[in-house]
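See below for the structure under consideration.
The values are calculated or read from the model by the stated rules, or taken from the named source; none is laboratory data. Keep in mind that this is a model prediction, so the values were computed, not measured. Using ideal geometry, Cβ is built from the backbone for each residue, glycine included, and neighbour counts are taken over all protein chains shown. Note: areas computed on protein heavy atoms with side chains; ligands, DNA, RNA excluded. Shrake-Rupley method; radii C 1.70, N 1.55, O 1.52, S 1.80 Å.
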Amino acid sequence: MKRKLYISLIILAAASSCKKQLDQQPVSALATINFYTNNNDFLQAVNGVYSLLKSYPEQALFLGEMRSDNINAVSDGNRDWDGINNFSPNITTVGFISNAWKNNFNGIYNANNVLDALASKSDVIGNADLVTRYNAEVRFLRAFYYFQLVRLFGPVPVIDKPLLPPAVNQVARSAVKDVYALIIDDLNYAAAHLPNSYSGPDVGRATAYAAKGLLGLVYLTRSGPTYSIDGPGLASNEYDKALALFNEIISSNQYSFLNDYTSIFSYSNENNKEVIFDVQYASGINGAGFPSHLVPVAYWTSLGISNSYGNGYGSSTFGITKSLKNAYTTNVTSGTDSRYAFSVATTYTKSPFIKKYIDITKKGTSGTDWPINFIVLRYTDILLMKAECILNGAAGTQAEVDSIVNLVRTRAGVNALSNVNLLTLLEERRREFTGEGLRWNDLVREGAAVTAINTWIAYDALTKVNPMIPDYVLYPVPATEIQAKPDLYTQNNSYY
């Protein structure tokens, strides 16, 4: 779908890049009802809803991986990500946080405009099945953006239709359970009405199984502990619902477990049988910047490559933690975990860093032009989340859990385990998904965030990282939003 989708995105992005979303200003002329005169107009608009996915890798890496016990970043000054990595209470003006709020609401605004147009002008499409698919795609994406917001900020405004600024300014933050109600409704619709797969240029669009996988993750996340805050966990005990959805994906035979770990991330093997949903990029059209996000600038110069491939953070380093390095040898009595050398630049002795998506031979024209997709959800994740459900009390056996974990470990070249528990499973997920932005949400979901982060701080003997407290499960609402609506929003606890 790369050319078909992203040529449209260039048009839309040029018109909308400077808009501040929650004020609900028109993103572009394409968002007006008068724009829709034929199917191609609707296709461009739907693609415009996908366009905000391009901000997801930054959120996953800088607000997820960076927040976890996988990275011990050292800045060359006062960098935006410093407070994220060291759990500062004073991060309300950090760009990564305000961008996450803005970009996800941009996606929601685009989605609401398209849904509104589909309700009133879909007759120009001339194909009822296509109208249904467009509705389902857009509702999947709206749910995706809202799920991101819930995991990052907790309560957020629920806006399910286009609103003018005066009306938006009256919308308060809704309780998490109410945001979830919209997410679940959207994903159920998407799962029921999206196709199971695509062919040709449409490969990469949301499928029914992507919707089921995301809905399963929603149920799994809701089932997690509350930390005594209104956050993503509701202690709802919906592991059975999540398991049923994961089993549907597994039994569909649409996806498979690849025997070669590196081939999952190969530039020449995109959209492979492991991939359930990803963010699509194409060099020269809409190249990716995420492979360079957590790579020190000095690495490029050490290879004789222009520092234009760097992330702009000077001499800052993004070294993996001692805790992560040792995780690759924990419970290993035979073999060497092949995922470590693939995911981590072990030969960069100054400060080994995550380089999972780097292939120097495939570099584009700059550090923001890598021709590789970012995987959001893959088959191995579904398998391991199934094991997680079983360990949390859903139907299944210990033998099933051990079999899933050992399938993953065999591919990695290490010995099998027995009687796998939740802690062991979390560590296996840590090794499997290093550099994919999942670790932080995994810890939060299983109630391990406070213990794991504070254990890491002690293990790595860190003095500049603040103790993790339950309130830090959420990020603060951006200061600009609080200032714009002082009587409507209150700040999340423990931030100032």
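Across the chain, the relative contact order, built from alpha-carbon pairs under 8 Å that are at least six residues apart, equals 20 percent.
The listed peptides 205-213, 394-402, ordered by packing as a protection proxy, come out as 205-213, 394-402 (highest mean of other Cβ atoms within 10 Å first). Under conditions of 4 °C and 1.567 mPa s, region 384-481 yields 85 µm² s⁻¹ as its translational diffusion coefficient, taking Rh as the Kirkwood radius over Cα pairs in the Stokes-Einstein equation. Our summary gives region 196-319 a relative contact order of 17 percent, counting only alpha carbon pairs under 8 angstrom and 6 or more residues apart. For N311, what is the net charge nearby, where nearby means another residue's Cβ is under 15 Å from its Cβ and Lys, Arg count +1, Asp, Glu -1? Summing Lys and Arg as +1 and Asp and Glu as -1 gives -3.
Taking the protein heavy atoms of the chain in the context of the full set of protein chains, the accessible area attributed to carbon and sulfur is 51 percent at 1.4 Å. For region 136-149, 3J(HN,Hα) computed residue by residue from phi via the Karplus equation (6.51, -1.76, 1.60; θ = phi - 60°) reads 5, 4, 5, 5, 4, 5, 4, 4, 4, 5, 5, 5, 4, 4 Hz, glycine and proline entered as x. Pairwise alpha-carbon distances in region 160-301 exceed 28 Å for 41% of all pairs. Only the Cβ atoms of Lys and Arg (+1) and of Asp and Glu (-1) were treated as charged; on that basis the dipole of the chain about its Cα centre amounts to roughly 700 debye. Remark: region 358-375, residue by residue, has Karplus-estimated 3J(HN,Hα) of 8, 9, 4, 5, 10, 4, x, 7, 7, x, 10, 9, 7, x, 9, 7, 9, 7 Hz, where x stands for each Gly or Pro and the curve is 6.51 cos²θ - 1.76 cosθ + 1.60 at θ = phi - 60°. The angle separating the long axis of helix 208-222 from the principal Cα axis of greatest extent in the chain is about 60 degrees.
Note on region 205-250: the C-alpha convex hull projects to 3.4 nm² when averaged across all orientations. Orientation-averaged projection of region 314-362 equals 4.4 nm² [convex hull of Cα atoms, one quarter of hull surface area]. Taking each DSSP H run with n ≥ 4 as -39500 (n - 2.57) and averaging over every residue of the chain yields -13500 deg cm²/dmol at 222 nm. Just to confirm the number: angle between the C-alpha axis of helix 2-16 and the first principal axis of the chain, 0 to 90 degrees, nearest 10? Taking the Cα atoms of the chain, the angle to 2-16 is about 70 degrees. The angle between the Cα long axis of helix 39-50 and the longest principal axis of the Cα atoms of the chain comes to about 40 degrees, rounded to the nearest 10.
Do any trypsin sites (Lys or Arg not before Pro) in region 401-496 lie in a loop, going by DSSP, with at most 13 other beta-carbon atoms within 10 Å of their beta carbon, and if so which? The qualifying sites are K464. At q = 0.11, 0.16, 0.18 Å⁻¹, what is the base-10 log of I(q)/I(0) for region 38-197 according to the Debye formula with one equal point scatterer per Cα and no solvent? Please give it to two decimals. Those come out to -0.52, -0.95, -1.11, one per q. Solvent-accessible surface of region 402-496, averaged per residue with a 1.4 angstrom probe and all protein chains in place: 40 square angstrom. Between region 299-313 and region 429-472, the C-alpha centres lie 29 angstrom from each other. Per residue, region 137-246 exposes an accessible area of 33 Å² to a 1.4 Å probe, with every protein chain left in place. The Cα center of region 119-176 and the Cα center of region 221-251 differ in position by 22 Å. The convex hull of the Cα atoms of the chain, projected and averaged over all directions, covers 21.6 nm².
Each peptide in 101-113, 52-64, 416-428 was scored by the mean count of other Cβ atoms within 10 Å over its residues; highest first, the order is 101-113, 52-64, 416-428. Computed over the alpha-carbon atoms, region 152-221 gives an Rg to Rh ratio of 1.09, Rh here being the Kirkwood radius from the mean inverse distance.
In whole angstrom, region 370-425 maps to an equivalent ellipsoid with semi-axes of 23, 15, 8, each derived as √(5λ) from the alpha carbon gyration tensor and ordered largest first. Peptide packing: for 358-365, 263-270, 122-129, the average count of neighbouring Cβ atoms within 10 Å per residue gives the ranking 263-270, 358-365, 122-129, highest mean first.
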